[in-house]
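One structure below.
The values are calculated or read from the model by the stated rules, or taken from the named source; none is laboratory data. Note that the structure is a prediction, hence the values are computed from the model and not measured. Note: ideal-geometry Cβ built from the backbone for every residue, glycine included; neighbour counts use all protein chains shown. SASA here: full protein model, heavy atoms, side chains in, ligands and nucleic acids out. Shrake-Rupley method; radii C 1.70, N 1.55, O 1.52, S 1.80 Å.
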Amino acid sequence: MLQSPLTRPRPGPRWLRSRNSELRQLRRRWFHHFMSDSQGPPALGPEAPRPAVHSRGTYVGCFSDHGHERTLKGAVFYDLRKMTVSHCQDACAERSYVYAGLEAGAECYCGNRLPATSVGLEECSHECKGEKGSVCGAVDRLSVYRVDELQPGSRKRRTATYRGCFRLPENITHAFPSSLIQANVTVETCSGFCSQKEFPLAILRGWECYCAYPTPQFNLRDAMDSSLCGQDPEAQRLAEYCEVYQTPVQDTRCTDRRFLPNKSKVFVALSSFPGAGNTWARHLIEHATGFYTGSYYFDGTLYNKGFKGEKDHWRSRRTICVKTHESGRREIEMFDSAILLIRNPYRSLVAEFNRKCAGHLGYAADRNWKSKEWPDFVNSYASWWSSHVLDWLKYGKRLLVVHYEELRRSLVPTLREMVAFLNVSVSEERLLCVENNKEGSFRRRGRRSHDPEPFTPEMKDLINGYIRTVDKALRDHNWTGLPREYVPR
């Protein structure tokens with residue numbers, strides 16, 4: 001029997017108790033990792049060999065990674081338990097990077113430019129977390145390997161992605177910093193050339209290849225009809241249009257992140273119901289501001305994907321904001337202000353059910369949707385979606401309400417508002433970099449296995465009642481109501 005939408009949500013149903021238990025486990029896991037890893041990874045003994053070659057990549061040496069900007073600025077990931085040299089090399093090779101750098105036993109960084117400052121081999125003294133006897137840098141030290149090719153069985157090397165046909169900017173020399181002019185230039189040739197130089201865009205105009213970043217003058221928002229770029233190369237060269245491709249490498253103008261240099265005086269929450277896009281919002285905020293976000297919980301999967309603030313104490317005030325799914329007066333009043341992220345409950349419920357059943361990037365199996373789990377889940381979690389928003393509106397001291405759908409639709413203006421709320425100034429170029437890297441590593445992979453409409457009429461009546469309650473509460477607090485698309489028609 002589904003609850004009436006007029007009933008005040010209370011903790012107790014099985015799925016809600018399960019979620020509360022899960023959150024407590026995450027907190028305990030955070031404490032365990034924080035305490036057990038505080039000494040850092042084990043150091044290699046003085047007799048340990050310094051490898052000249054590992055797997056299929058040459059060991060280049062030990063380099064300094066101490067400074068405001070990272071030495072290798074490309075893709076980043078961590079692995080607290082299983083980091084190996086091959087794991088890092090494969091991840092970098094897949095993304096078309098030439099160098100793989102390992103730091104502090106568990107961190108992997110990629111790039112196409114060799115670090116400038118080399119140090120003695122003995123300064124890279126930390127053992128890889130998942131490979132005894134192998135060198136994985138040290139604190140502020142990178143063990144750098146040249147990556148030659150992918151291991152058999154690894155994922156395929158990523159290729160260029162077509163972004164569309166666009167009008168050329170007025171000043172090509174200024175907009176496109178690097179170029180290659182040669183007969184019979186191909187997409188692969190141009191993408192490889194630009195990837196080597198760490199540019200995220202490869203631009204073709206006849207036989208001309210250009211490399212660039214998205215800029216206010218060339219922001220890729222006004223695509224033209226593709227037929228305008230479909231002429232023969234000589235005609236296309238004389239025209240005012242060009243084909244744009246996304247290279248496999250990241251836009252590095254917004255990849256540098258660090259902890260706040262001084263403790264924040266304002267304790268800010270990034271609050272949402274589970275499944276509302278909190279992880280994606282953290283990715284956007286970190287790349288826009290250049291500062292790590294924290295978490296009320298510890299999730300090793302997210303730490304391994306580059307969220308270094310996961311391992312920091314959530315009350316350290318060294319992060320720009322702190323993720324939380326908590327509600328209730330005591331939990332809310334701990335924060336001075338909050339970004340309240342709201343997503344369509346139909347989408348949030350499906351996303352959270354997928355996460356519970358198959359992890360951050362998987363999909364729940366058919367058997368999960370067809371079992372009693374799904375209606376029990378909806379019955380408990382739909383009420384939590386409502387009470388979460390109502391509690392934050394009631395007890396939050398200073399709020400910025402952000403709708404996930406609006407962030408998707410209008411990323412740069414909405415993100416600009418969020419960054420201003422966090423009292424950080426950022427350039428338009430950095431926001432365009434975030435837009436270019438907007439997805440991060442957080443799209444679910446594989447095929448959706450369930451019916452695209454898993455909600456029964458009874459479930460819809462329940463959820464729609466909560467939607468109306470939240471919509472009214474937002475308007476009563478002088479916020480814009482929920483988007484009309486929240487109620488299915």
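A 32 angstrom limit on the alpha carbon distance is what I want to check against. Which of K132/K263; K372/K394; K265/K311; K73/K311; K370/K394 exceed it?
Check vs 32 Å cut-off fails for K132/K263; K372/K394; K370/K394.
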If amide hydrogens are placed 1.01 Å from N in the peptide plane, which non-local residues have theirs closer than 5 Å to the one on V119?
C62, F63, S64
Using the Cα atoms of the stretch 57-147, I'd like the radius of gyration and the largest Cα-Cα distance, Dmax, both in angstrom.
11.2, 31
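Remind me, relative contact order of the stretch 57-147 in percent, using alpha carbon pairs under 8 angstrom and six or more residues apart?
Numbers: 236 pairs, mean separation 38.0, N = 91.
For the stretch 57-147, the relative contact order is 42 percent.
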In Hz, Karplus ³J(HN,Hα) per residue of the stretch 189-200 (6.51, -1.76, 1.60; θ = phi - 60°; x = Gly, Pro):
4, 5, 5, x, 4, 6, 4, 4, 8, 6, 9, x
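Arrange the peptides 107-113, 125-131, 79-85 so that the one whose residues have, on average, the most other Cβ atoms within 10 Å appears first. It would help to have the intermediate numbers written out before the result.
On the way: 107-113: 24.0, 125-131: 21.7, 79-85: 18.6.
My ranking of the peptides, most packed first, is 107-113, 125-131, 79-85.
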Applied in sequence order to the stretch 374-384, the curve 6.51 cos²θ - 1.76 cosθ + 1.60 (Karplus, θ = phi - 60°) yields integer Hz couplings, x standing for Gly and Pro, of 5, x, 5, 4, 4, 4, 7, 7, 4, 5, 5
Skipping prolines and chain starts, which residues have an amide H placed within reach, meaning under 5 Å, of the one on S178, given they are 5 or more residues away or on another chain?
C211
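Between L260 and D476, what's the calculated FRET efficiency when r is the beta-carbon distance and R0 is 25 Å? Round to 0.05. Provide the component values of the computation, followed by the final result.
On the way: r = 35 Å, r/R0 = 1.40.
Efficiency at R0 = 25 Å is approximately 0.10.
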Quick one: ranking K73, K372 by accessible area, 1.4 Å probe, largest first, what do you get?
K372, K73
Sort 272-279, 221-228 for me by packing, meaning the mean count of neighbouring Cβ atoms within 10 Å per residue, highest on top.
272-279, 221-228
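Expressed as a rounded percentage, what relative contact order does the stretch 161-246 have, with Cα pairs under 8 Å and six or more residues apart? The partial results should precede the final answer.
On the way: 151 pairs, mean separation 38.2, N = 86.
44 percent.
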To the nearest 20 Debye, how big is the dipole of the stretch 57-147 about its Cα centre, given +1 on the beta carbon of each Lys and Arg and -1 on that of each Asp and Glu?
200
For D251, what residues show an amide H to amide H distance below 5 Å, using hydrogens built from the backbone and excluding near sequence neighbours?
none
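What percent antiparallel are the DSSP beta bridges of the stretch 161-246, to the nearest 5?
Working: 21 of 21 bridges.
In the stretch 161-246, DSSP labels about 100 percent of beta bridges as antiparallel.
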Less than 15 Å apart at the alpha-carbon level, and either on another chain or at least 8 residues along: which aspartates and glutamates does that give for K323?
E286, D299, E310, D312, E331, E333, D336
Rounded if a/c is under 1.5, else prolate if a/b beats b/c, else oblate: with a ≥ b ≥ c from the C-alpha gyration tensor eigenvalues square-rooted, which is the stretch 374-445?
oblate
Is the stretch 161-246 rounded, prolate or oblate when judged by the Cα gyration tensor, a ≥ b ≥ c being the square roots of its eigenvalues, rounded requiring a/c under 1.5 and prolate requiring a/b larger than b/c?
rounded
Charge dipole magnitude, Cβ of K and R +1, D and E -1 - the stretch 161-246, Cα centre, debye nearest 20
200
